[in-house]
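For reference, the structure discussed in these notes is given below.
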Amino acid sequence: MVSALASVVYFPGYRSRAKSSCRQSTKLLPPALTHRYVFCRKFPTFLAMQLSGITTAKDMPVGLDKETLDDYSSQAKLLQEFTKTPSIDQAWIFKSDSANRSQAMFLFGQTDLLANKKRKFILSSHIAKSNDQSIDFQWSPFPVEMDDVSSIVPSPSGSKLLVIRHKENQSPMELEIWGSAHLEKSIRIPQSVHGTLYTDGWFEGISWNNEETHIAYVAEEPFQSKPVFNDSGFKVEGSADHDCGSWKGQGDWEEDWGETYSKKRRPALFIFNITSGEILAVKGIPRYLSAGQVVWAPSGSIISQKYLVFVGWSSDNGPQKTPRKLGMKYCYNRPCALYAVRAPLERESSNKGPLNANNVEDPSEAIALTDNLSSAFFPRFSPDGKYLVFLSARAAVESGVHWATNSLHRMDWPADGSPSPSAKISCVVPVVMSPEDDCFPGLYCSGFLPYPWLSNRHTIVLSSAWRSTRAIVSINILSGKVLQVSPSGTVYSWDVLALDGDDILAVSSSPIDPPQIKYGYCTRQMEQPSWSWLNVPCPLSGCFDKVRSLLSSKQCSILKIPVNNPSVTLPEGVKRPFEAIFVLHSNPKFEACKENKLDSACNPVILVLHGGPHAVSSTTYSKSLAFLSSLGYNILLVNYRGSLGFGEEALQSLPGNIGSQDVDDVLSALDYICGRGLVDGSKVAVLGGSHGGFLTTHLIAQAPRRFVAAATRNPLCNISLMVGTTDIPDWCYIEACGTEGKRFISETPSTEFLSLFYHKSPISHLSKASSIHLHQQTPFLKAPSVKKVKTPILFLLGAQDARIPVYNGLQFTMWARWAIKHAAGALLSRTLKAFTYNSEAVIPVELELPTTRVQAAVIPRLSAPFTFQPIFPVITSPQARCQGGNNGPIRALKYSKLESWTCYKQAIRKRIP
C-alpha cells in the first residue's frame with residue numbers, strides 16, 4: 001500500500017530529481033489553492049512493464065505521450081530493483097567437530113511480482129574463526145529453491161532436517177525427513193488425519209524430541225463429517241456436488257479465529273513417529289482449548305513418560321467469558337495458559353493397561369501449569385531442564401489493549417519430570433512503566449529462537465522493540481539482569497538470527513541501509529559479556545549495490561518530538577517526548593532552493609502512520625519506503641504516544657483518546673519538521689493502513705488544508721459500524737472508552753456507546769458537513785461546524801477483510817460524495833468505479849462522485865506477503881473514459897481507451913473551491 005501512493009499521485013509541480021528525463025517544475029499555485037493541484041495517475045508496475053515494449057505511435061494508448069510512457073516504464077524498472085532484492089528470513093548454525101568451525105544455513109525470500117508469490121531459497125556457508133577475532137564465511141556457489149515448502153526445522157543435533165511441503169489449496173501435505181546426503185522418510189497426510197499444519201508464527205509449534213525419533217506439531221483437527229442438505233432435501237451419500245441444485249447447506253456453523261485464520265477453527269496437537277511413519281493425535285486436551293506453540297518437556301529422573309508443554313487458548317473468550325472466538329491475529333490480550341499433556345509415542349492397543357504416571361491421577365488429561373497468570377506463551381526449557389521460561393502479556397489482558405508491555409517469567413520444573421500445577425513461578429523481567437531516556441523500555445517480543453541460550457545455560461538472547469529501533473538483548477533468568485547486546489545510540493535496527501555458542505549471528509538494517517549480516521564475537525570484561533560486531537560478506541550483497549547507490553544521498557535520523565501542552569496531571573511517561581523517524585532526501589539542488597527561497601519547489605514529504613494503534617514503526621529496512629525515498633520523497637514515520645517500545649504509561653495513555661491524542665501527536669511531528677525548514681509544509685502526503693488509515697482519514701478531515709494527497713488501506717472510518725461486523729469488537733470499547741470500557745463489552749452495544757463510537761470516528765466529520773443540507777430543510781436543528789474533505793484520497797479495501805470489513809471504507813466514500821455535494825454546492829460531476837474481485841470474476845460498482853477527491857478500489861485478500869498491491873482504480877468523465885480491472889491477483893489488466901488525458905487535467909483545474 002505504501003508504494004500505491006507513488007502509483008497514484010505526483011506532488012503538484014514536483015518530479016523526482018533522481019531521473020534525468022524529468023521536466024522542470026511547473027509554476028506553483030498559491031497555498032490557498034492547493035485543492036486545484038493536478039494529480040496525475042500512473043499505471044501499476046506490471047502494466048508499465050508491458051507498455052515499455054511499445055515503440056510506435058499506433059500501439060501507444062490514447063492519451064499517453066511518449067514521455068509519460070517512458071516515465072511509467074522507468075519507475076516500473078526502478079521498483080523491480082527494490083522488490084527483487086532478497087530478504088533474510090531465518091538462519092541456523094550447526095556445530096562441527098572443530099571448535100573453530102561451524103556451518104550455517106540461511107533461508108532467504110524473494111518477491112516474484114508477476115507470479116504473486118514469495119519464493120524461498122536456501123544458501124549454506126562454512127564458518128571459520130581465527131584467534132585474532134576474524135571470521136571467514138565460505139559460501140556455497142548457488143542457492144537451492146524450496147518450492148512448495150511451508151517450513152523447515154533442523155533437529156537438535158543438526159543431523160536431520162524436517163521439510164514440510166504443502167501446495168496451496170491442494171492436499172495431501174507431505175512431511176520429509178532428510179539426512180546429510182539423502183531423503184530418509186517421506187509421508188503424505190490425508191485430510192482425514194488432520195488439516196493444514198500451522199506455520200503462522202503464533203499457533204505454530206514444531207518440536208523435535210531430544211532423541212530425534214518423534215516430532216510434535218500443531219495442525220487443524222480433522223474435519224468432522226456433517227449432514228448435507230440441498231434443495232431436494234438430504235444429500236444422498238456418494239452424490240457429487242454438481243448434483244446439488246441452487247444451494248447446499250452443511251451442518252452447524254462453526255467459528256474460526258478471525259482475520260488470517262479463515263476456516264481454521266481448532267488447532268490440535270499431533271506427533272509424527274519417524275521410525276514407523278505414523279501420525280498420532282494427542283489426547284486429553286479439552287474441546288474448548290485451541291493448542292499451539294508446543295515443545296517437548298525434558299525427561300525426568302524417575303518417570304519415563306514423555307510430556308508436551310503447549311499454550312492453550314479458550315474459545316470462551318467473548319464478553320463476560322461467553323463462548324466466542326475473538327480475532328487472534330496481533331491480539332496478545334487473549335487469555336492463554338501453559339498446559340502439559342502426555343505424549344503418545346506409539347499407538348496404544350485397546351487391551352493395554354493404564355500407565356504409571358506417579359503423582360498424576362489421570363495422565364491422559366492436560367494439566368494447567370499457569371492458573372494464576374492470565375497470559376503465558378512462547379515456552380522454552382533451559383538446557384539443563386531445571387526451568388521453563390515464558391512470556392506473559394498480562395498487562396494487555398488486564399487492560400484490554402491488544403498489545404502491551406510483556407513480562408518474562410521462570411517456572412521451576414520438577415526434577416522428576418512430572419508436571420505440577422503448583423510449581424513455583426517467578427517474575428524475571430517485570431513490566432516497565434516509565435523508562436528513562438535510552439534505558440531499557442520493557443519487553444516487546446514477538447517470538448523466541450528455537451534455541452535461544454548462551455553457554456552458561458541461564459542467559460537467553462532475543463530481539464525486542466527499543467523505542468523506534470529493534471535491539472538484541474540478553475536476559476539472565478536467575479538475576480533478571482537485562483543487557484543490550486546490539487550497539488546503542490544508532491538508527492540501526494537489529495534482529496538475532498541464530499547463536500553460535502556465545503557468538504551471535506544477526507542482521508542489521510536502517511530505512512536507507514539494506515539488510516547486512518553481522519557476526520558478534522563474545523568477549524568478557526570483568527565477568528560482563530560484550531560483543532564485537534563484524535560485517536559478513538555475502539553473495540547477496542551484490543543484489544543491493546544499485547539500491548545502495550540510489551539511497552546513498554539519503555539521511556536518516558530519529559527525532560524526539562515534545563508533547564504539545566502536556567497536562568501537569570499526566571503520568572511522567574506520558575509527558576515525555578515521543579519519536580519520529582525522518583528520512584531526508586538531500587541533493588545539490590536543496591541548498592540552491594533554500595538560498596533562492598524556493599522551498600516550495602523542494603522537499604515534499606510522505607507521512608507514514610502505523611496501525612494497531614499499539615504497534616511501532618521501527619528503523620528496519622522497508623523495500624516500499626526505500627523505493628519512495630529513491631524517488632526523491634522525504635519520509636516521516638511517527639510513533640505517536642500509544643506505540644510499543646516506550647513504556648507502559650505512554651502506551652496506556654491512548655485508549656479513550658483515539659482520534660485526538662494520536663492526531664495531535666502526528667500534527668506536532670509534522671509541525672516540528674516544517675518549523676525547522678526540513679520540508680515544505682505545502683507538499684505533504686499521508687498514508688496508513690488499519691488504525692493508520694483511521695488517522696489518515698481523521699487528518700484529512702480535521703486538517704483539510706494540510707495534505708495534498710492521501711492513500712489508505714483497509715481504514716477504520718466508522719467504529720459504530722465496525723463493532724457489529726469485526727472479529728475484534730472488544731477493540732472498539734477499549735480504544736474508544738479507555739480501559740474502563742472492558743466492563744461494558746457487548747455484542748449488542750447501547751445507543752450511548754454507538755453514539756460515542758460514531759463521534760470518535762473520521763466519518764463524523766463528514767456528517768458535520770452534510771448536516772448543513774439537513775439544517776436548510778429543518779431549521780430547528782442546530783447546524784454544526786463544517787469540516788470538508790479537500791484532499792484527494794485513494795482507498796485500498798480488502799474484499800474479505802474480517803477485521804475492518806470492506807463496507808467500513810466504502811461507507812466513507814459514499815458519505816463523502818453526499819456530504820461534499822450538499823456542503824460545497826454545484827461541483828463538476830464525475831464518476832468513480834470501484835472494483836471488487838476474486839480469482840474468478842470482476843464485479844464493478846459505480847459511485848457518482850461530484851469531485852475526484854474521494855476514490856475507491858476494492859482488492860482481494862492476497863495469499864503472498866506483499867507490502868502493496870499494484871492496482872488501477874478508475875476515474876471516468878464525459879471527456880475522459882477508461883475501464884480497468886483485474887481478473888485475478890496480478891494477472892492481465894483489462895482497459896479501454898483513455899480518450900484525452902489533457903481533458904482530465906483541465907477538468908480538475910476547473911473544480912469549484
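The values are calculated or read from the model by the stated rules, or taken from the named source; none is laboratory data. Since the model is a prediction, treat every value here as computed from it, not as a measurement. Please note: Cβ atoms are built from the backbone with ideal geometry, for glycine as well, and neighbour counts cover all protein chains shown. These area figures cover heavy atoms from the full protein model, side chains too; ligands, DNA and RNA do not enter into them. Shrake-Rupley method; radii C 1.70, N 1.55, O 1.52, S 1.80 Å.
When we measure straight from the Cα of K167, which aspartates and glutamates land under 12 angstrom away, once same-chain ones fewer than 8 places off are left out?
Within the straight-line limit of under 12 Å, K167 reaches these aspartates and glutamates: D147, D148.
Compute the FRET efficiency between F229 and E572 as 1/(1 + (r/R0)^6), taking r as their Cβ-Cβ distance and R0 = 45 Å, and round to the nearest 0.05.
E between F229 and E572, to the nearest 0.05, is 0.10.
Can you sort W253, W815 by solvent-accessible area, 1.4 Å probe, largest first?
So, going from the largest accessible area down, we get W253, W815.
At a probe radius of 1.4 Å, what is the per-residue accessible area of K118, in Å² to the nearest 10?
70
Take the Cβ-Cβ distance between N564 and Q528 as r, set R0 to 56 Å, and report the resulting FRET efficiency rounded to the nearest 0.05.
FRET efficiency, N564 to Q528: 0.85.
Quick one: 3J(HN,Hα) in Hz for the range 805-810, Karplus 6.51/-1.76/1.60 with θ = phi - 60°, rounded, Gly and Pro as x.
Those phi angles translate into x, 4, 6, 5, x, 5 Hz.
Once R0 is set to 41 Å, what does the formula 1/(1 + (r/R0)^6) return for the Cβ-Cβ distance between Q80 and L478, expressed as a FRET efficiency to the nearest 0.05?
E(calc), rounded to 0.05, equals 0.20.
Among the listed pairs K118/K248; K329/K623; K117/K321, which have their C-alpha atoms separated by more than 28 angstrom in this model?
Table pairs above 28 Å Cα-Cα are K118/K248; K117/K321.
Working with all protein chains in place, sort Y288, Y332, Y672 by solvent-accessible area computed with a 1.4 Å probe, largest first.
From most accessible down to least: Y288, Y672, Y332.
In percent, what relative contact order does the range 428-485 have, based on Cα pairs under 8 Å that are 6 or more apart in sequence?
It rounds to 27 percent for the range 428-485.
Could you calculate the contour length gain from Y288 to S276, that is, 0.36 nm times the residue separation minus the distance between their Cα atoms, to one decimal place in nm?
Contour length minus Cα-Cα distance gives 1.2 nm.
Over the heavy atoms of F223, what accessible area does a 1.4 Å probe trace out, to the nearest 10 Å²?
Roughly 130 Å² of F223 is accessible to a 1.4 Å probe.
Please identify the trypsin sites (Lys or Arg not before Pro) of the range 159-232 that satisfy two criteria: DSSP loop assignment and at most 12 other Cβ atoms within 10 Å. Which are they?
K167
Could you pull out which residues in the range 795-817 have an amide N less than 15 Å from a spot 7 Å beyond the Cα of S746, following the Cα-Cβ vector?
No residue passes the distance filter.
Do the alpha carbons of any pairs in K325/K424; K160/K283; K683/K790 sit beyond 21 Å of each other, and which pairs?
Correct reply: K325/K424; K160/K283.
Could you put R713, R576 in order of accessible surface area, largest first, with the 1.4 Å probe and the full protein assembly present?
R713, R576
Under a 1.4 Å probe, what is the accessible area of the range 100-160 per residue, stated in Å²?
Ligands and nucleic acids excluded, the figure is 50 Å² per residue.
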